Amino acid sequence: MSTVGIRRDDSHPERQLPVEHLSFTGSSRKRWLLVHPRNPAHLLVESYSKPSLPLGLLMVGTLAQQHFAVDLRDERIGDTLPEDFSDYDIVAITARTVNVTRAYEIADQALAQGRRVILGGVHPTMVPEEAGQHATTVVIGEIESVWDELVADVQHDTLQPIYRAQHLKPLTDVQHADFDLLRGPVRQGKYTFRIPLVGTKGCPVGCTFCCTPQIYGKVYRTRTPEHIIEEIRYHQERLGRKALHFSFMDDNISARSGYVEELFERMVGLGVTWNANISMNFLQQPHIPELARRAGCEVLNIGFESLDPETIKQVGKGSNRISMYDTVVANVQRQGIAVQGYFIFGLDTDTEASFQQTYDFIMRNRIDLPVFTLATPFPGTPWYDEIAPRLQHRNWDKYDVQHSVYVPAKIDQEQLLTNYIKLYREVFSWRGLRRRLRWNSPAWVLMGNLGIHFFARGLTPQQFI
């Protein structure tokens, strides 16, 4: 194994050894506390689903347990954190924008007690200068690509302020997570039944609102189908049954047609079901959803975003051709695969007519599980820089795609939220459910619709401000 090159923000003369050259004989094992902070607000998804397994934190734990004693705490499932962090040498916290305020609270408390704090995840990657005010170290991007240097510096007590890989590690060199780290909570049913799985990372598209290129790079990296099949079988053996449900966490499983076709072919006959995010331009080809069905696909997540060509242009999603939307849905549903469709509101191109267009499309095509979000400029993205002068606040707790944080150009905030709530209520009304839902939709899709039905009934504009 070769050492991954690191770009540091300051010069550091100490020698840097790859992990396999370190000897810890005679030294006590350092202790790590890995933390997933709770979300400050009750997110929509939590109204009808349990939290997802924290795959990123599991990956850190899988790496860390080879050299350190590791405890993992997930506040989303009710885990409590110690008031006194003195039992730990390292407190490592992952954070998204929506829970970074809580992450900073934990980090500040640990720093005040003399602990070394590592912050990573989406938000620290996008705004490392801010995160650095609350941490000993900020890991930018994926930790696997800087792990060798990071663990060596932990052992030598020479942690640096910033770790950022010059070259991202091939996914074929990355082992899968050790899910036994969460054996207890999983057995207690505290997490969703869907097992996270990653086949690809990176995206060359560069949508203006997306963080992916900054986190995982613009080069599309893939694991081999053999690696993915091996991980699926690991879970089947671990849980003692073949019929498992997986969620591909990839931003887009299908950026390369040859890759995704080979993967789906290899998955045929495994006895698993799964869902994934997929680019709609691949679904214009009927054989792709047909192959996905044979491989066990039950839901495809499609980012329609909008029915307005100007909006699609604004967000830079060139793979979306509105003229093909109906065809794409028909190709997928013809195979008995449910469509989870994503729609954004509150962009500068939106008008009141945008809501009616979306409603008509959803009902005409019987979209199985529509997901509505409010346009949210996340720090570090090109769109954030563009919209920054118009932001109403920088309260990160409300950067959750469920709050209006700026006023779009063609519709005021009151009109935006009134129409947003109206769309929710009509699409998820009893009448809307009867018109849209199919008898063969997966049970969790049906339950999701039911959960959102009750969520929508009590909505008020103030909840989104």
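Read-outs throughout are calculated quantities, based only on the coordinates presented, and are distinct from any laboratory measurement. Since the structure is predicted, the reported quantities are computational estimates derived from the model, not experimental observations. Note that we place each Cβ from the backbone using ideal geometry, even for glycine, and neighbour counts take in every protein chain shown.
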Along the Cα-to-Cβ line of Arg366, 7 Å from the Cα, sits a label point; which residues in the range 431-446 have backbone N less than 17 Å from it?
431-443, 445-446
So what's Rg/Rh here for the chain, counting alpha carbon atoms and using the Kirkwood radius for Rh?
0.96
My understanding is that a pair violates if its Cα-Cα distance is over 27 Å; which of Lys50/Lys218; Lys50/Lys201; Lys313/Lys410; Lys50/Lys398 do that in this structure?
Lys50/Lys218
Give me the net charge for the shell around Gln109: Cβ to Cβ below 15 angstrom, other residues only, Lys and Arg +1, Asp and Glu -1.
-1
Pull the list of the chain cysteines that no other Cys approaches to under 4.7 Å, Cβ to Cβ.
Cys203, Cys211, Cys297
Mean residue ellipticity (222 nm) of the chain, computed from DSSP H runs ≥ 4 via -39,500 (n - 2.57), nearest 500
-10000 deg cm²/dmol
Count neighbours as other Cβ atoms within 10 Å of each site's Cβ, and list the trypsin sites (Lys or Arg not before Pro) in the range 281-324 that are DSSP loop with at most 15 such neighbours.
Arg321
Give the cross-link partners of Lys30 among the lysines, using a straight C-alpha distance below 27 Å as the criterion and excluding same-chain residues fewer than 8 apart.
Lys169
Taking the Cα of Thr224, stepping 7 Å toward and past its beta carbon, and measuring to each backbone N in the range 188-202: which are under 16 Å?
199-200
